[in-house]
Amino acid sequence: YNKHYFAMDIDPKRIYVGPGTKELIFNLLEILHGTVILPTPAWLGYLPQIRLLKKNFHMLPTQANQKITPSDLRKLALRLHDRQKILILNNPNNPTGLLYNRLELEEIADVCKEQSIAVISDEIYAQTTYDFSKFVSMGKIYPEGTFVTNGLSKSHAAGGYRLGYVIFPLHATDLKAQFKKILATEYTAVSTPIQYAAVKGFEISNEINEYFEITRNIHKIMGEYVYKELSKMEGVKVTKPEATFYLLADFNHYASDLQAMKINTSQKLSEALIVHPYHTAIVGGDSLVLERTDYSARIAYVDYDGVKVYENYQKKKPITDDDMIEFVRTNAPRIVAGIEMISKFFEKLKKDVVNLSSKRDSLSIQN
Ligand SMILES: Cc1ncc(COP(=O)(O)O)c(C=O)c1O
C-alpha cells in the first residue's frame, strides 16, 4: 500500500499497527523526549494528549493561518534548549485543507536535521489530496527522523474501525523495541475482524482505487463550492483547500461587530450559529488551538448522504463548472443551506449593530 500509493518501499519491521492513529500519536509522544512544537491552527486532538502526558510544548502559529515556514521553525527551535525536539506536522492539514509541497517539506526537513527535530507526520488525510500526484510523504524526504502516521479513518471513511499505523524512521531500533512493549501492554492487538477489513482496505485493487478517486473528486467539488461561496462574503478570508474536507474561514473582519453584540469569544460565535434560525455547526478558534477571541472557524463539507452522492457521481460525473454547482445543490442541500446561513448571520449582525448604535444615539439625545 505504501509502495503503490506513496512510492515508499517500507520494511514491514518499521510498521506498527494500533487502534487508530490518535492512540499511536499518543504512544509516540509517550516515548519521544523533548519539547513538542505544535503548529497552529491545529486539529483539536493533539493538545489534550500533550497536556495529559505533561510534556513541554510550544505553539508555532502559522502566518495568516496558512503553513509553517522554515525560518519560523528555526527561530523557535533555537529558543528551545532540549537536545531533541518533536514537530507535529499534519499534512494535509486539518483544519485548513492545505497541503505542503515537496519543496516546502524539503526546507522544513533541512531545519529539522540542523536543529535535531524529530517529526510526527500525521498523514491521515493523504489519500484525500484532490490532485493525488501532488502528495509527498515527509517519510520520503526525511526518512531518518520522521514517524509517519496514517490509517483507515479518512481514506476509507472508516473512523469507527479503529485501525492506524505508524512507520518508524530508519535505524530506530531501540525506540521500536520500547514502542512494541507499550503496544503490547496497552492494547495487545487491534481486534481481528477489523484486521481482516484492513487487509481488504489496504489491498491494491481497481475497486478501491476507483473509490479513492471518486471520493477525492467529491471532496474537491464540495470544497470548491464552499470556498467560492464564503470568499464572496465581505471581509472573510478563506483557505483554499487542496485536500481533506475542511477549510478555515477567518471572520475576524467582524470582530468589533461581534463584540458589540456580546459575542466575545469564538465559542460564543459557534453557539450563536448553532441555534435557531441558523442551525449551522462550525468548529471555532479555541477548539483549533487559536486564541479564544480569534473568530476563525473550521468549516467541514461532508453533511450529505455519502452512499447516495457516490452513486449519483457514478451515474453522471459533473464536468463543467455549472455541472459541479448543480451537483452540490442537488446532493448536498444542507451544505448549501449552511453557507447561506453563515452569510445571513453576518448580514444580520451588521444590521443589529447599526440598530443598536442608533438606539444608543437616540437615548443619549433624550438624556
Ligand atoms: C488530523 C487528524 N489526525 C488524526 C485523527 C484521528 O485519526 P484516527 O481515527 O486514526 O485515530 C484525526 C481525526 O479526526 C485527524 O483529523
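Being buried (at least 18 other Cβ atoms within 10 Å of the Cβ) and part of a helix (DSSP H, G or I) is the filter here, so list the residues in region 131-141 that pass it. Once the filter is applied, which keeps residues that are buried (at least 18 other Cβ atoms within 10 Å of the Cβ) and part of a helix (DSSP H, G or I), region 131-141 yields 138, 139, 141. The number of residues in region 151-192 being over 15 Å from residue 11 (Cα atoms), of a type in the set (S, T, N, Q) and out of contact with any helix residue (DSSP H, G or I) (no Cβ under 6 Å at 6 or more places or on another chain) comes to 4. Restricting the search to helices (runs of 4 or more DSSP H) fully inside region 142-246 and requiring at least 2 residues that are open to solvent by 60 Å² or more (accessible area, probe 1.4 Å), closer than 24 Å to residue 31 by Cα and of a type in the set (Lys, Arg) gives 173-186. Assessment of region 309-320 against the conditions (exposed (fewer than 13 other Cβ atoms within 10 Å of the Cβ) and closer than 26 Å to residue 280 by Cβ) yields no matching residue.
Pairing residues of region 22-39 that are in a helix (DSSP H, G or I) with residues that are of a type in the set (D, E, K, R) and within 13 Å of the ligand (Cβ to nearest atom), at Cβ distances under 8 Å and at least 6 apart in sequence or on separate chains, gives 25/122.
Figure legend. Inter-residue proximity from region 147-163: first residues in the same structural domain as residue 33 (by TED's automatic domain parsing) and near the ligand (Cβ under 8 Å from one of its atoms), second residues open to solvent by 30 Å² or more (accessible area, probe 1.4 Å) and small (Gly, Ala, Ser), beta-carbon distance below 7 Å, spacing 6+ or different chains. Indicated pairs: 153/159. For the criterion of being farther than 29 Å from residue 257 by Cβ and without any contact (Cβ under 8 Å) to a residue 40 or more places away in the chain, residue 348 fails. One residue alone among 47, 24, 80, 98 is among the aliphatic types (A, V, I, L, M), within 16 Å of the ligand (Cβ to nearest atom) and in contact with a Gly (Cβ under 9 Å, 6 or more places away or on another chain), and that residue is 24. Determine whether residue 32 is open to solvent by less than 20 Å² (accessible area, probe 1.4 Å) and either within 14 Å of the ligand (Cβ to nearest atom) or closer than 24 Å to residue 152 by Cα (or both). For residue 32, the condition - open to solvent by less than 20 Å² (accessible area, probe 1.4 Å) and either within 14 Å of the ligand (Cβ to nearest atom) or closer than 24 Å to residue 152 by Cα (or both) - is not met. The set of residues in region 255-294 that are hydroxyl-bearing (Ser, Thr, Tyr) and surrounded by fewer than 23 Cβ atoms within 10 Å (Cβ to Cβ) comprises 256, 265, 270, 278, 280, 287, 293. Considering the conditions (1) over 24 Å from residue 104 (Cα atoms); (2) open to solvent by 10 Å² or more (accessible area, probe 1.4 Å); (3) touching a residue at least 60 places away in the same chain (Cβ under 8 Å), residue 66 is excluded by exactly one of them, (1).
Rundown of residues vs (1) touching an Asp or Glu at 6+ places or on another chain (Cβ under 7 Å); (2) touching a residue at least 60 places away in the same chain (Cβ under 8 Å); (3) within 30 Å of residue 130 (Cβ to Cβ); (4) of a type outside the set (A, V, I, L, M, F, W, C), yes/no style:
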site	(1), (2), (3), (4)
199	no, no, yes, no
204	no, yes, yes, no
209	no, no, yes, yes
220	no, yes, yes, yes
235	no, no, yes, yes
250	no, yes, yes, yes
265	yes, no, no, yes
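Residues that are more than 16 Å from residue 122 (Cβ to Cβ) and assigned to a helix (DSSP H, G or I) were ranked within region 9-21; the one that is farthest from the ligand (Cβ to nearest atom) is 13.
Taking residues in region 42-60 that are without any contact (Cβ under 8 Å) to a residue 24 or more places away in the chain, and partners anywhere that are within 12 Å of the ligand (Cβ to nearest atom) and assigned to a helix (DSSP H, G or I), the pairs with Cβ atoms closer than 6 Å and at least 6 places apart or on different chains are 45/22.
The values are calculated or read from the model by the stated rules, or taken from the named source; none is laboratory data. Nothing here was measured: the structure is a model prediction, and the numbers come from that model. Note that each Cβ is placed from the backbone with ideal geometry, even for glycine, and that neighbours are counted across all protein chains shown. The accessibility values were calculated without ligands, DNA or RNA, using every heavy atom of the protein model including side chains. Shrake-Rupley method; radii C 1.70, N 1.55, O 1.52, S 1.80 Å.
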